[in-house]
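What follows draws every value from the coordinates through simple rules; no lab data is involved. This one's a predicted model, so the numbers in the text were calculated from it and none came from an experiment. Glycine gets a Cβ as well: all are built from the backbone with ideal geometry, and neighbour counts include every protein chain shown.
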Amino acid sequence: MNTTPTPIAEVRIRKTAAAAKPRSAAHLIFPKSPVRTAPAPVAPPASRSAANIHIRKKAVSAPPIGQIALIPRLRRLVHDCGPNRNDAVIAAITACIGEGVNTIGGIIAVLIKVGFNGGHVARFVKSEAGDHPDRHRWRKEPDGTYALHV
């Protein structure tokens with residue numbers, strides 16, 4: 001074992017020379033690193049024409065059997081209200097709540113069968129609900145049902 005200190009440059013040369021493996025000329029022709037190629041061609045995006053759009057109508061569940069008898073009476077009520085559809089929808093919603101159809105989904109389903117637009121009905125159910133009988137026609141209970149002010 002040699003106890004004399006060796007210069008740093010000599011240590012580096014010894015480590016590199018010892019670690020180096022003998023190489024042939026093959027590494028110049030066939031490099032070990034992968035050869036980069038162009039990415040695979042990607043298909044163009046599908047056409048985004050409006051002709052390919054299909055609109056699905058929202059499914060409305062049929063009212064229960066007990067509510068089917070309510071529909072002819074509501075049609076007569078709406079006919080008796082006159083030409084103003086806003087007054088007619090308010091009267092029909094009030095009648096539905098009074099007859100026990102007290103969820104917004106049930107009210108909308110019944111009044112669609114009568115001939116109203118579901119969005120028109122929903123707007124009035126929500127806008128006319130409140131806790132003050134002076135300003136609101138019905139109230140919304142904590143369980144999500146609607147009840148008339150007594």
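See the values below:
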{"item": "Peptides ranked, highest mean first, by Cβ atoms within 10 Å: ranges 116-128, 70-82", "result": "116-128, 70-82"}
{"item": "For peptides 133-146, 93-106, sequence by mean Cβ density within 10 Å, most packed first", "result": "93-106, 133-146"}
{"item": "Rounded FRET efficiency, nearest 0.05, which uses the C-beta distance separating residue 131 from residue 103 and R0 of 22 Å", "result": "0.75"}
{"item": "For residue 92, net neighbour charge (Lys/Arg +1, Asp/Glu -1) across residues whose Cβ lies under 13 Å away", "result": "+2"}
